Amino acid sequence: MGNTAEVQAKYDELKGYIAETVKKPGPLMPIMQKAQEIFGSLPFDVQKFISEEMQIPMTDIYGVATFYSQFALEPKGKHVIGVCMGTACYVKKAEGILNALGDELQTAPGGTTPDSLFTLEATRCLGCCGLAPVIMIDDQVYGRLKPEDIPGIIGLYRNKQ
Amino acid sequence: MDFYRAHVLVCGGTGCTSSGSAELIERFEKDIAEKGLDKEVKIVRTGCFGLCEAGPIVIVYPEGAFYSRVKVEDVDEIVEEHLLKGRIVERLLHKEDKEEDVATTLDDIEFYKKQNRVALRNCGVIDPEVIDEYIAFDGYKALGTCLTEKTPQEVIDVIKASGLRGRGGGGFPTGVKWQFGHDAKGDQKYVICNADEGDPGAFMDRSVLEGDPHSVIEAMSIAGYAIGANMGYVYVRAEYPIAVKRLQIAIDQAREYGLLGEGIFGTDFKFDIEIRLGAGAFVCGEETALMESIEGHRGEPRPKPPFPANKGLFGKPTIINNVETLANIPQIILKGAEWFGSMGTEKSKGTKVFALGGKINNTGLVEIPMGTTLREVIYDIGGGIPDGKKFKAAQTGGPSGGCIPAEHLDLKIDYDTLTSIGSMMGSGGLIVMDEDNCMVDVAKFFLDFTVDESCGKCPPCRIGTKRMLEILQRITDGKGKPGDIEKLIELGESIKAGALCGLGKTAPNPVLSTIKYFRDEYEAHIYDKRCPAGHCQQLLVYEIIPSKCIGCGMCARVCPADAITGEKKQPHHIDPDKCIKCGACIEKCKFDAIKR
């Protein structure tokens, strides 16, 4: 997780956010979302830190972290690829897109590539049903896809490095 | 204020943005600056026009020229010809597949002719990031009218008289809900906007938030005034980053204009709104689970009663409305309950937004009066099924709904007719399926979804749906047994009766309705080990047609299981015991000599 000073700065940032948010009603979800934004995931140490700062039992934090699919206990890749598995995409063969991504990245859905560049996920409906089938890489949506489009799109992100 | 002789509206909805509309805007701005037109022509990034299929969409006013599938390289021509010389670029006007008619303006396009946009009225018309544009279209006028001319009870009476029902799926009368909230005793009350649009195949709430966020803010303030709440929450999916961003901009602008905060319109009414993000749990679209989530807990539903109107968020009286429901409110206040009630059917008033998707030509968002027939939606507005395929069924209501077969195409769509045939309105996703879709597989798809999203609190949903999925899996694998259909029905009915919340109570619907209308497909899977739609891999049999096979040997070379044999230049043969049904041979065969 980088050097100690960097990590300390992250904890300080989270501590500051907790201090300003904790007085609001129902602060836990925003705090955990912020923590994930800062650290990239919610490892045990970060959950413990939130528990201590907020004076909330660790079981509650862990319960929330494991209930919602967007909280990750393990770090994700630099780019998160979500393949929409909503109804419109499903009937337009989203499975083929998911398989093409699996082949291209050599990882199964839920997995991260060994170079930590990509995490592949099968997601819920992304709400772009008009462009089915779609994938979302980070915040960018790609629509009307065919399996043969996949290597080109992944190439864009590989070349950015 | 500056005056422009022409406005170029570029769709900035998620659909068109991913089709490249952001680059179009950049190019337009660059081009008009170079031509010195930047004082005469204004570029506006709007919300969704609805016709996502033909995106990115550009409309140029005052002519109203409707350009579709515009590419960056087309921009120069629009600027040069249309904006500089005043000649509409015919080549880029929207063309409809059917009659090869070229439509000049939006009103000429079949897709829009039968629509009546109330909730979506500003989507694609105004710049959602500029509050002045919303105000110019009568924005915040309804809030002003309520605060200065109506008592809270009078506001509630208007909504009750309009007959508006909840657009999130349940269809509960909105005015009655507000009355409960109004009558509940409490020093602190809340208004929640449910924007946790989780039904796969529905994206109208997203489009309203992206295209007209102020209408939601205004309606929440009106609701706050009506029930006596001074705080509102919008619970929105984190999967919708553009919607979240525009909503936050809108809230900030409303605060700046004094339309949120203290002393609104010079009265002593105060109201503020905060955004809360979901974290990927479908069950949080259920109102009590959503409240648990805002409070910082696992999103598990609570038993009802007590209902949220009496004991909701943080134990306080709370009303919770869906985005599309709220988007109707300001118009009802401005134009009156009678106007709203003049649209729709006897028990379902007004319009409903549907998200058309799946096997249909014009995919996108449509808003139609309640009581429009499914046939009009699919053939007149949606442009029919692509590739000349046959309509098989339309699925409404997502994982809570059911399939509507061809025999009900002339059904007038409203809350009650859909329920009567075993489906439901749901949030308005409408997915069209053609002859290639296997209905058993579709039912399995939805069950797979509900099993995954079941929160696990009540056993009927947690265990029951899992058992149903196992049976469906078995059937599609060709291992179905006599009695499976009856078992599915029995399980389904028990889950409907016993589950705690709406998710569980409606989860069996996709299975029960496909059994009702497509029982023959289930039977074909179970008894004949055959998938009539040719979809279920395990049930396919690959065969070579000897008269078409020239014996080139391509198929034998790609077969990973060495199941294909034959002499060179002689028809080959597939050994069904070795075949793993991967389909590689069909893809390689240039002579269409392999069938399944």
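Only a single criterion out of (1) open to solvent by 10 Å² or more (accessible area, probe 1.4 Å); (2) outside any helix (DSSP H, G or I); (3) under 30 Å from B:Glu63 (Cβ atoms); (4) not hydrophobic (A, V, I, L, M, F, W, C) is not satisfied by B:Glu133, namely (2). Evaluation of B:Pro532 against the conditions (1) open to solvent by less than 70 Å² (accessible area, probe 1.4 Å); (2) touching a helix residue (DSSP H, G or I) at 6+ places or on another chain (Cβ under 6 Å); (3) at pLDDT below 90 shows that the sole unmet condition is (3).
When you go through B:Gln248, B:Gln253 one by one, which is the residue that is within 14 Å of chain A (Cβ to nearest Cβ) and open to solvent by 20 Å² or more (accessible area, probe 1.4 Å)? Before the answer, list the steps.
Details: B:Gln253 fails: within 14 Å of chain A (Cβ to nearest Cβ).
Just one listed residue meets the conditions, B:Gln248.
From the list A:Ile135, A:Ile150, the lone residue that is open to solvent by less than 10 Å² (accessible area, probe 1.4 Å), within 16 Å of the chain's Cα centre (by Cα) and modelled with pLDDT of 90 or more is A:Ile135.
Given A:Phe44, A:Phe67, which one is more than 29 Å from B:Asp448 (Cα to Cα) and among the aromatic types (Phe, Trp, Tyr)?
Checking each option against the conditions leaves just A:Phe44.
Listed here are the residues, each with its yes/no results for (1) without any contact (Cβ under 8 Å) to a residue 60 or more places away in the chain; (2) within 14 Å of chain A (Cβ to nearest Cβ); (3) surrounded by fewer than 24 Cβ atoms within 10 Å (Cβ to Cβ).
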{"position": "B:Pro173", "(1), (2), (3)": "yes, no, yes"}
{"position": "B:Phe180", "(1), (2), (3)": "no, no, yes"}
{"position": "B:Gly211", "(1), (2), (3)": "no, yes, no"}
{"position": "B:Gly224", "(1), (2), (3)": "yes, no, no"}
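If you go through region B:571-596 and pick out every residue that is open to solvent by 100 Å² or more (accessible area, probe 1.4 Å) and either in contact (Cβ under 8 Å) with a residue 60 or more places away in the chain or over 21 Å from B:His535 (Cβ atoms) (or both), you end up with 5.
Output the number of residues of region B:283-293 satisfying the condition of being in contact (Cβ under 8 Å) with a residue 24 or more places away in the chain and out of contact with any Ser or Thr (no Cβ under 8 Å at 6 or more places or on another chain).
Here is the first cut: in region B:283-293, the residues in contact (Cβ under 8 Å) with a residue 24 or more places away in the chain are B:283-291, B:293.
Still in the running and out of contact with any Ser or Thr (no Cβ under 8 Å at 6 or more places or on another chain): B:285-290, B:293.
Count: 7.
Cβ-Cβ under 6 Å, sequence separation 6+ or interchain: first residue in region B:327-341 and over 22 Å from B:Asp205 (Cβ atoms), partner of a type in the set (Lys, Arg) and surrounded by 24 or more Cβ atoms within 10 Å (Cβ to Cβ). Which pairs? Correct list of pairs: B:Gly341/B:Lys349.
Restricted to region B:182-204, and to residues that are over 21 Å from the mean Cα position of the chain (by Cα) and closer than 30 Å to A:Leu126 by Cα, which residue is farthest from the other protein chains (Cβ to nearest Cβ)? Filtering region B:182-204 for residues that are over 21 Å from the mean Cα position of the chain (by Cα) and closer than 30 Å to A:Leu126 by Cα, the one farthest from the other protein chains (Cβ to nearest Cβ) comes out as B:Val191.
When A:Glu95 is tested against the conditions (1) open to solvent by 30 Å² or more (accessible area, probe 1.4 Å); (2) in contact (Cβ under 8 Å) with a residue 12 or more places away in the chain, the lone failure is (2). Looking at (1) free of Cβ contacts under 8 Å to residues at least 24 places away in the same chain; (2) open to solvent by less than 80 Å² (accessible area, probe 1.4 Å); (3) farther than 25 Å from B:Lys444 by Cβ, can you tell me which one B:Ala524 breaks? Exception for B:Ala524: condition (3). Restricting attention to region A:129-143, and to residues there that are more than 16 Å from B:Cys52 (Cβ to Cβ) and assigned to a loop (DSSP other than H, G, I, E, B), which single residue is nearest to the other protein chains (Cβ to nearest Cβ)? That would be A:Asp139.
For the residues B:Glu129, B:Glu149, the requirement of being over 28 Å from B:Val377 (Cα atoms), without any contact (Cβ under 8 Å) to a residue 12 or more places away in the chain, out of contact with any Phe, Trp or Tyr (no Cβ under 8 Å at 6 or more places or on another chain) and not β-branched (Val, Ile, Thr) singles out B:Glu149. Tally time: how many residues in region A:102-128 are surrounded by 14 or more Cβ atoms within 10 Å (Cβ to Cβ) and outside any helix (DSSP H, G or I)? Number of matching residues: 17. Where helices (runs of 4 or more DSSP H) sit wholly within region A:21-78, those with at least 1 residues that are facing chain B (nearest Cβ under 9 Å) occupy A:28-39, A:58-67. The residues of region B:270-305 that are more than 10 Å from every other protein chain (Cβ to nearest Cβ) and under 25 Å from the mean Cα position of the chain (by Cα), listed by number, are B:Ile273, B:Gly285, B:Glu286, B:Glu287, B:Thr288, B:Ala289, B:Leu290, B:Pro301.
The values are calculated or read from the model by the stated rules, or taken from the named source; none is laboratory data. Note that the structure is predicted; figures quoted are calculated from it, not measured. Neighbour counts are summed over all protein chains in view; Cβ atoms, including those assigned to glycine, are modelled from backbone coordinates with ideal geometry. Accessible surface is based on the protein model in full, side chains and every heavy atom, while ligands, DNA and RNA are left aside. Shrake-Rupley method; radii C 1.70, N 1.55, O 1.52, S 1.80 Å.
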